[in-house]
Amino acid sequence: MISGTIIKGIGGFYYIDTEQGVYECRARGIFRKEKLKPTVGDFVKISVLDEKNKKGSLDFIEPRKNMLIRPRVSNVEQAVIVFAAVSPNINVDLLDRFLILVAEQKLDVLICINKIDLDTEKNYESIKKIYETSGYKVICLSAEKGIGIEELKKELKNKISVFAGPSGVGKSSLINAVAPDLKLKTGEISAKIERGKHTTRHAELMQIEEHSYIVDSPGFTSLFLEHIPAEELQYYFKEFEPYLNGCRYTGCSHIHEPDCEVKEHVGEEIPNERYERYVNLYNELRKDRRK
Ligand SMILES: Nc1nc2c(ncn2[C@@H]2O[C@H](COP(=O)(O)OP(=O)(O)O)[C@@H](O)[C@H]2O)c(=O)[nH]1
Ligand SMILES: [Mg+2]
Ligand SMILES: [Zn+2]
């Protein structure tokens, strides 16, 4: 048996990437009996049935680390959140919402600020600093000029990453820059067509290099957070974590209460801007619930 990763599933066939190439496999009946549906992203073992035509049988699925629902992919380790420095301008409000959703899925996160070639004032540098202070990894890139691409490539190594972010920020361009063979379509119009296509098609892993895959996500598009109780919002702000046990009141919202350890650190370890957005979001979530 050889090991591989399911990169695609169509009409009962699974395409499995292995060190000896991609095999087309059918799943053994046992999975159906166990109600276990092979899923893109699964690490599996296969038997080769026909080496010449690259056909095999899917025999075993390794226990999954996790499962994303939209897109339906297992074993995703990292979310790469892409914004543009300009055109369209980076929307930090949206970025924070992405970070909350990604934290909810327990994924590692990498923030990419693309199109820095267009930001002659270098405004992206202060944004980078804020998020680094908050404990995030941030890469500034230009898909156009080839800046930051090697660093991105390094961060994608040996894992499955999901790319997310508003359309037009350069996700497809960045993916092409790290893996030129993929030749994804870029530009506003093609992005729209791609999205339409994605809704009817299943998730598909794209290989960047051996053991490194990405999935271009139509998910994370609904950025509603109503399902998150306001009291839990604090856990999704990474930089609050060291101080959460230091507040005088259990159930401290870190807004009005006296002797609040979180507030003590605002302006230092906790960037002002991030704290302000926490307060806004907190109030928004409270209001949603009262409705
Ligand atoms: N100036 C500049 N333009 C870029 C850069 N990256 C992408 N673009 C352009 O931005 C547009 C949207 O890119 P695309 O990759 O389709 O974005 P997506 O919708 O996020 O996949 C295209 O016209 C790209 O040529 C960059 O680093 N610099
Ligand atoms: Mg795209
Ligand atoms: Zn507090």
Practice prompt. Quick one: count up the residues across the stretch 251-274 that are in a loop (DSSP other than H, G, I, E, B) and either near ligand 3 (Cβ under 9 Å from one of its atoms) or among the small types (Gly, Ala, Ser) (or both).
Written response: 9
Worksheet item: Among the residues of the stretch 148-174, which ones are within 8 Å of ligand 1 (Cβ to nearest atom) and among the aliphatic types (A, V, I, L, M)?
Response: VAL169, LEU174
Response to the item:
Counted residues in the stretch 79-109 being touching a residue at least 40 places away in the same chain (Cβ under 8 Å), in contact with a strand residue (DSSP E or B) (Cβ under 9 Å, 6 or more places away or on another chain) and not polar (S, T, N, Q) come to 15
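Rule-based calculations on the coordinates, nothing more; no lab input. Everything numeric here is computed off the predicted structure, so don't read it as measured data. As a convention, Cβ positions derive from the backbone with ideal geometry for all residues, glycine included, and neighbour counts pool all protein chains shown.
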